[in-house]
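**Student:** Starting off with a structure, shown below.
The values are calculated or read from the model by the stated rules, or taken from the named source; none is laboratory data. Model, not experiment: these values are computed from the prediction. Here the Cβ positions follow ideal geometry from the backbone for every residue, glycine too, while neighbour counts run over all protein chains shown.
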Amino acid sequence: MKCEHCTRKECSKKTKTDDQENASADAPSPAQENGEKGEFHKLADAKIFLSDCLACDSCVTAEEGVQVSQQNAKDFFRVLNLNKKCDASQHKVLAVSVCPQSLPYFAAKFSLSVTDASRRLCGFLKSLGVHYVFDMTIAADFSILESQKEFVRRYRQHREEEPRLPMLTSACPGWVRYAERVLGHPITPHLCTAKSPQQIMGSLVKDYFARRQNLSPDKIFHVIVAPCYDKKLEALREDVPTALHSSRGADCVLTSGEIVQLMEQSDLSADDALVDTLLTRFGDVKEEEVRRHEGASSDGYLAHIFRHAAKELFNEDVGALTYRSLRNKDFQEVTLERDGEVLLRFAAAYGFRNIQNVVLKLKRGKFPYHFVEVLACAGGCLSGRGQAQAEDGRADRALLRQMEGIYAAIPVRPPETSAHVQELYQEWLGGADSPRPRALHTAYQGPGQSASSRDIKW
Ligand code: SF4
């Protein structure tokens with residue numbers, strides 16, 4: 001389990017270096033150009049394992065550490081077992097939401113198509129006593145649509161004296177945590193305020209779905225199945241609408257790897273089942289097919305926002321996007337040009353080193369991009385450390401290649417074309433220009449604003 005987010009100067013774990021593997025992704029600093037490595041780059045060479053990071057007593061506070069470690073299969077079974085007891089006041093409705101980037105892992109592990117893997121997983125969870133299984137693609141739909149609107153708004157408001165660009169995506173909790181805890185101002189104002197898919201799914205389940213079912217939010221135990229451990233930390237964010245009272249959007253995050261372990265320890269004889277939908281208006285409606293967004297290993301914010309912006313701002317219909325790899329395959333750019341002039345310049349920066357390049361250039365004021373899709377994991381979400389790990393803790397490359405092929409074969413559904421999303425905008429929020437922005441948008445802290453991080457030296 002590798003955590004690439006920490007650069008804390010006093011972190012005792014900065015011992016595992018691997019210059020060769022990542023050398024191509026480093027931006028040469030003036031010191032490097034002179035053949036030396038500055039303190040910053042020495043730190044950037046360090047590989048911190050998330051297990052180390054979570055055990056560290058400074059970056060993750062003791063309280064957070066406890067709360068993260070409590071999100072495990074034991075907690076899940078605790079609720080399942082309570083539901084079997086006579087005392088109905090202890091019972092909870094158990095809902096599980098599955099990240100789309102987890103499904104290729106289940107498909108590859110069990111040699112199934114992605115649709116069959118989704119049904120197998122759903123059948124397994126229901127055989128344990130889970131009441132509802134949801135696909136989180138719908139939450140990513142909301143997140144992308146809100147991000148698109150925000151980008152266009154920022155583009156129109158952008159002034160040199162009052163910069164609103166570049167807009168940096170905020171769907172990856174590893175990156176957002178790093179930006180908030182380490183970078184702060186001037187980076188956090190560039191973070192898109194649209195909530196991440198996990199945060200929106202939390203609101204959908206604990207707010208919309210709870211109300212439709214006449215349940216108090218704390219009567220629902222909401223589990224997220226995700227490709228990474230960072231989402232366990234994200235579940236701790238105090239960022240839910242007040243309507244949810246003391247209930248968190250997600251009560252427990254289990255990684256795909258943790259779920260596969262459970263499945264492998266079970267007899268898997270349960271019948272396959274179809275995934276549920278959040279819309280209860282039409283009765284017991286089920287999701288028949290798996291759909292994805294356009295990104296090769298993520299939710300494809302770059303592609304969807306690029307197309308939307310090209311149309312809205314320049315009345316250009318964009319077909320297939322042409323990506324240009326820059327320093328490495330995890331730093332790519334896409335441009336919209338007209339008569340030799342660059343109208344839009346977007347980038348995707350995946351992995352800690354590419355993020356560092358973005359941050360350095362942004363701080364120096366030499367950053368030519370309007371938008372950057374930022375993900376903490378090199379290779380994107382399919383490479384999340386909660387799945388596709390070999391025995392030695394490194395990424396299982398053969399399995400990842402298989403997963404990439406499986407993910408690429410899933411049909412793409414642009415978020416604008418989802419009838420469920422349009423209905424939910426109306427039913428849940430009172431329209432696409434919602435009078436309840438807190439349901440879909442958030443705000444960010446900087447270092448020093450959180451009491452828990454006040455004494456950390458970065
Ligand atoms: S890029 Fe990695 S850390 Fe970020 S959301 Fe995806 S899997 Fe999680």
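**Student:** Restricting the first residue to the range 382-394 and requiring it to be in contact (Cβ under 8 Å) with a residue 40 or more places away in the chain, which pairs with a second residue that is among the aromatic types (Phe, Trp, Tyr) and within 12 Å of the ligand (Cβ to nearest atom) meet a Cβ separation below 8 Å and a spacing of at least six or different chains?
**Tutor:** Short answer, once both residue conditions are applied: LEU382/TYR105; ARG385/TYR229; GLY386/TYR229; GLN387/TYR105; ALA388/TYR105.
**Student:** Hey, could you check the range 367-389 for residues that are over 26 Å from HIS308 (Cβ atoms) and surrounded by fewer than 24 Cβ atoms within 10 Å (Cβ to Cβ) and say which is nearest to the ligand (Cβ to nearest atom)?
**Tutor:** Looking at residues that are over 26 Å from HIS308 (Cβ atoms) and surrounded by fewer than 24 Cβ atoms within 10 Å (Cβ to Cβ), I get ALA378.
**Student:** Here is a follow-up. Which count do you get for residues in the range 147-184 that are within 16 Å of the ligand (Cβ to nearest atom) and acidic (Asp, Glu)?
**Tutor:** 1
**Student:** Mind telling me which of the residues ASP75, ASP141 ends up being touching a Ser or Thr at 6+ places or on another chain (Cβ under 7 Å) and more than 16 Å from the ligand (Cβ to nearest atom)?
**Tutor:** When all the criteria are applied, what remains is ASP141.
**Student:** Right, next: Give all pairs with beta carbons closer than 6 Å in which a residue from the range 225-237 that is over 10 Å from PRO173 (Cα atoms) and at pLDDT 90 or above meets a residue that is outside any helix (DSSP H, G or I) and within 6 Å of the ligand (Cβ to nearest atom); count only pairs at least 6 apart in sequence or on separate chains.
**Tutor:** Matching pairs, first to second residue: PRO227/GLY384.
**Student:** Pick from ALA270, ALA296, ALA320, ALA303: which is within 22 Å of the chain's Cα centre (by Cα), over 23 Å from GLN157 (Cβ atoms), surrounded by fewer than 19 Cβ atoms within 10 Å (Cβ to Cβ) and of a type in the set (A, V, I, L, M)? Before you say what the answer is, go through the steps one by one.
**Tutor:** Working: ALA270 fails: within 22 Å of the chain's Cα centre (by Cα); ALA320 fails: within 22 Å of the chain's Cα centre (by Cα); ALA303 fails: surrounded by fewer than 19 Cβ atoms within 10 Å (Cβ to Cβ).
Matching residue, one of ALA270, ALA296, ALA320, ALA303: ALA296.
**Student:** Among the helices (runs of 4 or more DSSP H) lying completely within the range 142-235, list those that include at least 2 residues that are among the aliphatic types (A, V, I, L, M).
**Tutor:** Where helices (runs of 4 or more DSSP H) fall fully within the range 142-235 and carry at least 2 residues being among the aliphatic types (A, V, I, L, M), they are 197-203.
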